[in-house]
């Protein structure tokens, strides 16, 4: 029996980005002519990035961002949504810069939030990690509680098995 098939090339909508976007979670320093602020890069490509910061930015502003393997990179804000900004690099960055950012990003662990805000954390060495507001928290307090119960139950089960094996 003969089967008929037609192979067509899938067409994907093109965007103005011009290169593949990679999801990262990279804390960086960002500065304008007026201000320097902590920032969080959410995604990155060779031609631009999406960044979240408390800095007062407007479309058209120049923003300098510290990126691994590139140093200070100059960008231009092309869109704004709350505290999230889309920026195009003035000069394209290399694939090595994108790869370095990926390697420095933590594993895909959702942020713990309290009321939609990632709280600031002060480490024992005195360094402060400044939190960022988010409109769509990845983890709610009930999700964190549920995860804690599952992990706690697993630990308890391991202890019981260890005690049984030891006796």
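Tabulated values for the structure
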{"read-out": "Inter-site label distance for residue 35 and residue 91 at 7 Å from Cα along Cβ, in nm", "value": "2.8 nm"}
{"read-out": "Cα extents of region 22-104 along the three principal axes, largest first (Å)", "value": "29, 22, 19"}
{"read-out": "Gain in span if fully extended, residue 163 to residue 54, counting 0.36 nm per residue against the direct Cα distance", "value": "34.1 nm"}
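Read-outs: derived from the displayed coordinates by stated rules, not from any lab. None of these values were measured; they are calculated from a predicted model. As a convention, Cβ positions derive from the backbone with ideal geometry for all residues, glycine included, and neighbour counts pool all protein chains shown.
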